[in-house]
């Protein structure tokens, strides 16, 4: 099995000093964002290209379980699926016998990290842990930072933090920057994904500003949602965050990844997001170093679609292993 | 370390072009004008007698037929004009279909018109063609299209296939002698022209003496104005749309100086991400051998300067204005001299939004060049007044008139304020119209009495125009002259001589009451 490591040609975002003028005057016009999303929906992926795209979606996936009833056994089963997401005959049909595809990471709650690390040992698949009082992020800062250190100490290589929404809703940008920077420091060598919880921020202007502050504070990846908000990842929110990534790169010279989460359920959703990444940011952002999809039920839909494309089978859930 | 991952590619997704290829391969004998007129007139006789509700039904059938044939039309535009199929499918066909449906709705409300409509103006594309043809068909007229383009021929074929009387839509060549032969025909009662302002002026002069009605859709560049508080990515996207080939006639970019470097950088980046390729491929933004010309960006310092730049030269027909500041955006829209303004948007169209200048009954132009020059000066100051200030001065005029004429004047002024439309086109997109002064209008009253004069003059003055009144000396004219003594000089000029003047400074000549002109302002919104 190939081991996916972070591409060293793309240096980590170190963050920058806090620059209010990098984002304070930026505007986002929601109607125009909607028009661009509608334009992008007209791209057509030829049928013979589709298996490659769907396989890539799997390879960019943070296979996730974040439920109150998670157990060691549930996490072990998820990890087994993460290592072999596709039925062997589909792997063969894809021509990937020698390097079968696997997901990018497994994402769990902090208490489940030890189980996941053990289950994935030797696979090269990193464990990602949510932290900082996920999903609301309203525990004391000291507790949120301690949670990060715990998950890292238990072997999590990636930490998905949530931002303190009040700082955005009251435009307290310096406070937001300070907190996220402290979280980045607590992450150490682990990569940090900053969840903006865009469904709580409501306006695209808030999304853009929060994204810029999180990147200045050192986020390796900016992520849309916890999956627990009323509205999760949408294409307009994603486009707004990608434009922020482009603006941040132009201003700082540094590269940041993107992760939509929540609300991506179908193979068609996966194709729509990959198209968005390809068109707006280019090839590097269609690969797992700079693009992740947070999902729990998406994999099943992709398996069924691949089965249909490669073997002609009717889309049937029971033909595939349960995640 | 290089990436182990392959590039994701869309693959080839061409539309089926077989039907379009064989259509283009067919010989296309263009009938002579006389033969075309004879065939169209014969078909129009039956069409005019068809009940309006049934005409509406046929037009809707044509709209559905066009939707079904969208792939064929897209392939035709790609093969003939290198227009990417995505553009025809997403924009052009829906716009043409909307025009047919709109005028089908209007058909029962329109007074049937006799004769034929001539559609002039090459290179306007399918959407503009259908927008010119649909009102004539709805009114019961036949149509002769002066165009050699395969698209015009395809439209005529679709009309016949959809069940309109055979021969109702004719196409003839588009050379100058054919055009003149068409204009000379008595059977042509209406002329619809799409093209540049200069040619429309010449045509207007020529039509003035003929009694044919006319409508003009001017073509010209679109101005993009980007204020310093705009969403720059969105404005860049709009610029990219305007630079893509399609039905546009060029673009001028005006960007606030402080954001111009960033705008320019983003635009270059955006254009580098356009997908060049086969226009028949659904994922092609631009035919590989068509290069978008990146125009110079002219920067401005203040909103005032943006408006001045946009209005000079005054050939722009539309503007796309970008600002997140409502006050800036609306003020810019109100001061731009063009028929359509998109606020934070671009290329929105709706058949109910007026973009066409109508000349219901062209009148005479009874003025000398000196009178015209004085009138232009007077009109500029008059149009700059607030509508309420104009109304106050006109109320003085009305007060000096005999009672019946005064009452009429007040009614006309009140009605002038009430015109205009506004619609919600879709959630987050509305348009509304603003009265737009046209300039100096030559007006021939429908009746010679004082009431005829008042009817001809008052609405035009209230809208901010100056009037050259063609009226013989007499008691009525003297009464109006006395009443108008309070008004700025040269706002109404009286002339009895008949001189046909095709002068660019003359905004139009009308018989009866000149129609009000409106500017359409589109506003897109959302959070």
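Values in this text are rule-based calculations from the coordinates and carry no lab data. Predicted model only: the values in this text are computed from it and were never measured. Cβ coordinates were reconstructed from backbone atoms using ideal geometry, including for glycine residues, and neighbour counts include every protein chain displayed.
Rounded to the nearest 0.05, the FRET efficiency derived from the C-beta distance between residue A:12 and residue A:230 at R0 = 45 Å is 0.85.
Sorting B:463-470, B:95-102, A:210-217, B:26-33 by their mean Cβ neighbour count within 10 Å, with the most densely packed peptide first, gives A:210-217, B:463-470, B:95-102, B:26-33. Contact order, relative form, for chain A: 22 percent (alpha carbon pairs under 8 Å, 6 or more residues apart, mean separation divided by residue count). Kirkwood radius and radius of gyration were both taken over the C-alpha atoms of region B:213-351, and their ratio Rg/Rh is 0.98.
The tail of the calculated P(r) for region A:229-308 beyond 17 Å holds 46 percent of all Cα-Cα pairs. The spread of Cα positions in region A:20-319, taken along each principal axis and listed from longest to shortest, comes to 54, 44, 33 Å. Given R₀ = 30 Å, what would the calculated FRET efficiency be for residue B:304 paired with residue B:197, taking r from the Cβ atoms and rounding to 0.05? Efficiency for this residue pair is about 0.75. Most simply put, the protein assembly as shown has about 15% antiparallel DSSP beta bridges, counting only bridges with both residues inside it. Kindly express, to the nearest 10 degrees and within the range 0 to 90, the angle between helix A:267-280's C-alpha long axis and the longest C-alpha principal axis of chain A. Value to nearest ten degrees: 50. Measuring spread by the Cα atoms of region B:1-124 yields a radius of gyration and Dmax of 20.5, 77 Å. Taking only the C-alpha atoms of the protein assembly as shown, Rg followed by Dmax gives 32.6, 106 Å. Counting neighbouring beta carbons within 10 Å and listing from fewest to most, the residues B:151, A:241, A:183 come out as B:151, A:183, A:241.
In terms of other Cβ atoms within 10 Å, B:65, A:318 run from fewest to most in the order A:318, B:65. For region A:83-229, the alpha-carbon radius of gyration amounts to 1.16 times the rule-of-thumb value 2.2 N^0.38 Å expected for a compact globular protein. Counts of other chain beta carbons within 10 angstrom of each beta carbon in peptide A:33-41 average 4. If both residues of a DSSP beta bridge must be in chain A, then about 0% of such bridges are antiparallel. D by Stokes-Einstein for region B:254-299, Kirkwood Rh over Cα pairs, 4 °C, 1.567 mPa s: 108 µm²/s. Shielding by partners for peptide B:134-144, expressed as the average number of C-beta atoms from other protein chains within 10 Å of each residue's C-beta, is 0. Once the Kirkwood radius over Cα pairs is known for region B:154-216, the Stokes-Einstein relation at 37 °C and 0.692 mPa s delivers a diffusion coefficient of 247 µm²/s. Only DSSP H runs of four or more residues enter the estimate; each adds -39500 (n - 2.57), and after division by the residues of chain B the mean residue ellipticity at 222 nm equals -13500 deg cm²/dmol. Calculated mean residue ellipticity, 222 nm, chain A: -13500 deg cm²/dmol, from DSSP H runs (n ≥ 4) at -39500 (n - 2.57) each, averaged per residue and rounded to 500.
Working note: Cα atoms of chain B, range along each principal axis, descending, whole Å: 89, 62, 39.
Inter-chain neighbour count for A:42-50: the average number of beta-carbon atoms from partner chains within 10 Å of each residue's beta-carbon is 5.
Each 10 Å bin from zero holds the following percent of Cα-Cα pairs in region A:1-152: 9, 24, 28, 27, 12, 0. Sorted into 10 angstrom bins from 0, the C-alpha pair distances of region B:441-527 split as 15, 48, 22, 7, 5, 2, 0 percent.
Note on region B:295-338: Cα convex hull, mean projected area over all directions, 3.2 nm².
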